[in-house]
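Worksheet: one structure, shown below.
The values are calculated or read from the model by the stated rules, or taken from the named source; none is laboratory data. Values in this document were obtained by computation on a predicted structure and should not be read as measured data. Cβ coordinates were reconstructed from backbone atoms using ideal geometry, including for glycine residues, and neighbour counts include every protein chain displayed.
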Amino acid sequence: MEVYLTDIEGIGGTIKERFDDFIVEEVLHGYGKPVPEFKSLLGGGRHLLCVVSRRGWETQQLVTELAKRLKVPRRCIGFAGLKDKQAHVRHFISLEGVDPAKIEGLRFDGVEVHPRGFIDEPLSSRLLIGNKFTITIRGPSMKPDEVHKVIEQVYEEVRRRGGFLNFYGYQRFGSVRPVTHLVGRLMVKRRFDEALSVYLGHIGSRESERARAARLAFLRGEKLSDVYRLFPRSFIYERMILKRLMRSPKGYLEAFKALPSGLRKLFINAYQGYLFNKVLSLRVLEGLPLERALEGDWVLGLTPKGFDTYSPVKADASSLDRLNKLLAEGKLRLALPIFGYLSKLSDGEEGVLERKILEEEEISSLRAFYIGAMPEASGSGGLRPILAPVKSFRFEASDGDVGFTFFLYKECYATMLLREFMKPIDPVSEGF
């Protein structure tokens, strides 16, 4: 993320000082927001739809814990999207073959689960429309009247342009320990031993002393059993890998397979997100338009349910005027490729930039994103809009904090909108 959409001075401040400073409510097609109240368990099917309220849990970590408590395989738990750990999140999950009586009143460590009804298929991102956010920025560096003015100016530019820069947010890569994309890069290059070393040994700037000691012990080549004991029990994924490596010290690929399939895929997805961010930054730096198509650009439709990624159109000389008219009317959005083994690159000026990034990363073929030894982790790619529209935007500035509410379509990051308002100097210390 090398650029901003606006050059207006930021208001500063911090986010996520408390879980309730960052509230996320999922919105599903046909089900709305995750409200736990209901009169009876509605619908048919064998998948129990539940509402989850959680504070301080990663999605994958929560799924692992629920599977353990309910004594079901992880594959029996469906969810619609990954959510921020440092937040109060209300979202849906589906449970296959679980008696509602086992769920009613289930509470543990900041988590509450409420059964809502039954559905025919496991929950997936297919039903997800987006998320409503209620966010507080604490301690802005300006007075309330100045904060109010800056937010209005920035939002007017965002509204006029059709959205904010649709970067993947810091949490995609790991805010405290940004290694997820580095692991993914090494997986794409088939350097699984180095990937494991980065995952186990890279020390984050804000990690606990015990975690730092464990990672240092690994880097020094101490006995894996000793390293295993040093890691806190909450570091379940590091311990999974080490347990497998203790049985087969050179079995790097098999050690990766000890991890949940969703986490393995997340490594590749993070690297794809990193590359997308690089391409988007380069497009802005090179002065290519964000709201108007050039020949060779990809274009997506925008519907009330979000972006239509299934019917993309590539602009050419014969369609350019028509597409730009629809872009100006807000019915279409420009898009960039998410590099993957099924991706089709842009042509024209944008295509030159994409190939430049791939060359810098030493990726000679997009087939590299297909991990034959671990196909479930592979990244097929796709298209992602350049600008993310904002719906139902409201804010209120007072002494000491600023409150926001807004809606974003799925896979758009609230932190990337806040980034435009705040212009963070040190994203980690400011809560990103």
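So the values come out like this:
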{"item": "Residue check, Leu123 in contact (Cβ under 8 Å) with a residue 12 or more places away in the chain, outside any helix (DSSP H, G or I) and among the hydrophobic types (A, V, I, L, M, F, W, C)", "result": "yes"}
{"item": "Helices (runs of 4 or more DSSP H) contained entirely in region 126-211, each with at least 2 residues that are under 25 Å from Arg18 (Cα atoms)", "result": "144-161"}
{"item": "Those residues of region 221-253 which are free of Cβ contacts under 8 Å to residues at least 12 places away in the same chain and within 26 Å of the chain's Cα centre (by Cα), in sequence order", "result": "Arg233, Ser234, Arg239"}
{"item": "Of residues in region 302-332 being touching a Phe, Trp or Tyr at 6+ places or on another chain (Cβ under 9 Å) and closer than 27 Å to Arg367 by Cα, the one modelled with the lowest pLDDT", "result": "Phe307"}
{"item": "Only listed residue being surrounded by 20 or more Cβ atoms within 10 Å (Cβ to Cβ) and aromatic (Phe, Trp, Tyr), chosen from Phe108, Phe118, Phe92", "result": "Phe92"}
{"item": "Residue within region 139-154 that is exposed (fewer than 15 other Cβ atoms within 10 Å of the Cβ) and on the phi > 0 side of the Ramachandran plot present", "result": "yes"}
{"item": "Unmet criterion (only one of (1) among the acidic types (Asp, Glu); (2) out of contact with any helix residue (DSSP H, G or I) (no Cβ under 8 Å at 6 or more places or on another chain); (3) within 16 Å of Tyr252 (Cα to Cα)) for Glu222", "result": "(3)"}
{"item": "Count - residues of region 383-432 that are farther than 16 Å from Ala87 by Cβ and of a type in the set (S, T, N, Q)", "result": "3"}
{"item": "Pair list, Cβ < 7 Å and 6+ apart or interchain, from region 180-201 residues that are acidic (Asp, Glu) to residues that are surrounded by fewer than 22 Cβ atoms within 10 Å (Cβ to Cβ) and assigned to a helix (DSSP H, G or I)", "result": "Asp193/Tyr252; Glu194/Leu186"}
{"item": "Residue that is farthest from Pro122 (Cα to Cα), among those in region 54-85 that are of a type in the set (S, T, N, Q) and surrounded by fewer than 21 Cβ atoms within 10 Å (Cβ to Cβ)", "result": "Gln61"}
{"item": "Strands (runs of 3 or more DSSP E) within region 1-103 that include 2 or more residues more than 21 Å from Ala414 (Cβ to Cβ)", "result": "47-55, 77-79, 88-96"}
{"item": "Residue ranges of strands (runs of 3 or more DSSP E) in region 317-428 with at least 1 members exposed (fewer than 14 other Cβ atoms within 10 Å of the Cβ) and either in contact (Cβ under 8 Å) with a residue 60 or more places away in the chain or not assigned by TED's automatic domain parsing to the domain that holds Ser125 (or both)", "result": "391-398"}
{"item": "Filter result (touching a helix residue (DSSP H, G or I) at 6+ places or on another chain (Cβ under 7 Å) and charged (D, E, K, R)) within region 229-268", "result": "Glu238, Arg239, Lys243, Arg244, Glu254, Arg264, Lys265"}
{"item": "Selection from region 398-425 of residues that are of a type in the set (Val, Ile, Thr) and modelled with pLDDT under 95", "result": "Ile425"}
